[in-house]
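Sharing a structure below in structure tokens format, with a few things to ask.
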Amino acid sequence: MFENLSDRLEGVFKKLRGHGKLSEENIAEAMREVRTALLEADVNFKVAKDFVATVTQKAVGREVSGALSPGQQVIKIVHEELVELLGGVTEQIELDGRQPVVIMMAGLQGSGKTTTSGKLAKMLKAKGRKPYLVPADIYRPAAIEQLQVLGERLEIPVHPSTTDIKPVEICHQALKEAEVRNYDTLIIDTAGRLHIDEALMDELKEIQAAIPLSEVLFVADAMTGQDAVTVADKFNSDLEVSGIVLTKMEGDARGGAALSIKNITGKPIKFVGIGEGLDDLEVFHPERVASRILG
Ligand code: GDP
């Protein structure tokens, strides 16, 4: 995760630390290198440009404090801005308020929705919640089966969805069932497509209009970089997305999606998938991730 960017920034910082004093030209040169490093990590062009402008402005303007060398000062500002870029604070999912809590998973086919539904159910069960998995992809019978298999492995109940019932109706029935059986957290696994299409969006919008959703989590494959950001932006403009899950992060040496998606969509990353196993889901902590990037 972020290995390439980490290595590049380490080189830039080494040079910065070497200067006793920093001229505006030293800072400008370092920032050109930071920008290149961000672009090579597949960060959105405008995001990289704005990032460097903000750091430069703060670095040039900030009084040198006693404890830090000028180079360390700049590195500190990069760290602070990186935390901001990743979302600032840790954003948790909404589990209080109206019960049962309903979480809808949305995203393209293959992004990791079904796997993440299982992982999330496991995580919530460990916290003492009573999750109910709801397959709502009626176009691929295998998708329903996949969630049933996951549910069995996790010993978490799965709604007996069938392909002849409309997704919104499945959700209504599942909600009623959850109320009867005292399940407090529904996780709805919706259909994906290879590309965004109107029918898919309409179906999701119909569910959003009819069911009291606490969360709409957009699931995106981090390995697809800026495509993930573009698709997230489109979903977010059609639906009220409340958070993002970036999957396959462990295989993404660049990190461009993670570093751009909050800035472009305005929506926070809430979880990251870091493997195929059912324990491979982590709450996303911007501060920790920034520290990891900066080594
Ligand atoms: P869906 O079509 O969106 O429901 O996607 P699936 O949940 O079926 O996932 C597609 C593939 O991605 C499966 O092979 C999953 O095991 C894999 N996958 C999901 N999340 C992760 C992850 O965080 N890391 C890795 N390496 N693979 C993942």
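For the chain, what is the Kirkwood hydrodynamic radius in Å, using each pair of distinct C-alpha atoms? Don't skip to the end; give the middle numbers.
Details: mean 1/r = 0.0493 Å⁻¹.
It is 20.3 Å.
Take the solvent-accessible surface of the protein heavy atoms, probe 1.4 Å, and return the percent of it on the chain that carbon and sulfur atoms account for. Before the final figure, lay out each step's value.
Details: 6610 of 13400 Å².
Carbon and sulfur: 49 percent of the exposed surface of the chain.
Which distance in nm do the two modelled labels at ASP227 and GLU206 give, with both placed 7 Å along the Cα-to-Cβ direction?
2.8 nm
Further question on the same structure: Which value does Rg/Rh take for segment 1-136 over its C-alpha atoms, Rh per Kirkwood?
Working: Rg = 21.1 Å, Rh = 18.3 Å.
My calculation puts Rg/Rh at 1.16.
Would you mind calculating the gained length between LYS21 and ARG193 on full extension (0.36 nm times residue separation, minus the Cα-Cα distance), in nm to one decimal?
On the way: separation 172, 0.36 × 172 = 61.92 nm, distance 5.48 nm.
Value of the extension gain: 56.4 nm.
Roughly how far apart, in whole Å, are the Cα centres of segment 97-142 and segment 24-93?
37 Å
A further question follows. Determine the per residue accessible area of the chain with all protein chains present and a 1.4 angstrom probe, expressed in square angstrom. Display every interim value, and only then the final one.
Numbers: 13400 Å² over 295 residues.
Roughly 45 Å² per residue, with all protein chains present.
Tell me the Kirkwood radius of segment 225-295: reciprocal of the mean inverse pair distance over distinct alpha-carbon atoms, in Å.
Here the Kirkwood hydrodynamic radius works out to 12.6 Å.
Taking the Cβ-Cβ separation of LYS130 and GLU29 as r and a Förster radius of 45 Å, what is the calculated FRET efficiency to the nearest 0.05?
Numbers: r = 57 Å, r/R0 = 1.26.
Efficiency, from the Cβ-Cβ distance: 0.20.
Over all alpha-carbon pairs of segment 68-201, lay out the pair-distance distribution in 5 Å bins, whole %, shortest bin first.
2, 10, 17, 18, 16, 11, 7, 5, 5, 4, 3, 2, 1, 0
Specify the inter-centroid distance of segment 264-290 and segment 7-21, based on alpha-carbon positions, in whole Å.
Measuring centre to centre over Cα atoms gives 29 Å.
Next question. For the Cα atoms of the chain, what angle does the longest principal axis make with the long axis of helix 226-238, in degrees from 0 to 90, nearest 10?
Between helix and principal axis, roughly 50 degrees.
Quick one: length gained pulling GLN57 to TYR139 fully straight, 0.36 nm per residue minus the C-alpha distance? Intermediate values should be presented prior to the final figure.
Working: separation 82, 0.36 × 82 = 29.52 nm, distance 5.21 nm.
Contour length minus the Cα-Cα distance gives 24.3 nm.
If the cut-off is a Cα-Cα distance under 17 Å, which lysines reach LYS248, setting aside same-chain residues fewer than 8 apart in sequence?
LYS113, LYS119, LYS270
About the Cα centre of segment 7-103, what is the dipole size in debye to 20, counting +1 per Lys and Arg Cβ and -1 per Asp and Glu Cβ, all else neutral? It would help to have the intermediate numbers written out before the result.
Details: 13 positive and 16 negative charges, 70 e Å.
Taking the Cα centre of segment 7-103 as origin, the dipole is about 340 debye.
Okay, moving on. I'd like the orientation of helix 256-265 relative to the chain: the angle between its Cα long axis and the longest Cα principal axis, in ° from 0 to 90, rounded to 10.
70 degrees
Helix 141-154 sits at what angle to the longest principal axis of the chain, using alpha carbons and giving 0 to 90 degrees rounded to 10?
In the chain, helix 141-154 runs at an angle near 80 degrees to the longest axis.
Taking R0 as 30 Å, what's the FRET efficiency between ARG288 and GLU169 from their Cβ-Cβ distance, rounded to 0.05? Don't jump to the answer; show the numbers that get you there.
Working: r = 42 Å, r/R0 = 1.39.
Efficiency at R0 = 30 Å is approximately 0.10.
Could you name the lysines whose alpha carbon sits less than 30 Å from that of LYS14, not counting residues in the same chain fewer than 8 places away?
LYS46, LYS49, LYS58, LYS76, LYS262
Shifting gears a bit: From the protein chains alone at 1.4 Å, what is the descending order of accessible area for GLU84, GLU94, largest first? Display every interim value, and only then the final one.
Details: GLU84 110, GLU94 90 Å².
If we order GLU84, GLU94 from most to least accessible, we get GLU84, GLU94.
How many percent of DSSP beta bridges within the chain run antiparallel, rounded to 5? All intermediate terms of the calculation are to be shown ahead of the outcome.
Numbers: 3 of 27 bridges.
Counting DSSP beta bridges with both partners in the chain, the antiparallel share is about 10 percent.
Show log10 I(q)/I(0) for segment 93-135 at q = 0.16, 0.27, 0.31 Å⁻¹, two decimals, from a solvent-free Debye sum over equal Cα scatterers.
For segment 93-135, the Cα-only Debye profile gives -0.44, -1.08, -1.26.
The values are calculated or read from the model by the stated rules, or taken from the named source; none is laboratory data. Because the structure is a prediction, the values reported are computed rather than measured. Here the Cβ is made from the backbone with ideal geometry for all residues, glycine too, and neighbour counts use every protein chain on show. SASA here: full protein model, heavy atoms, side chains in, ligands and nucleic acids out. Shrake-Rupley method; radii C 1.70, N 1.55, O 1.52, S 1.80 Å.
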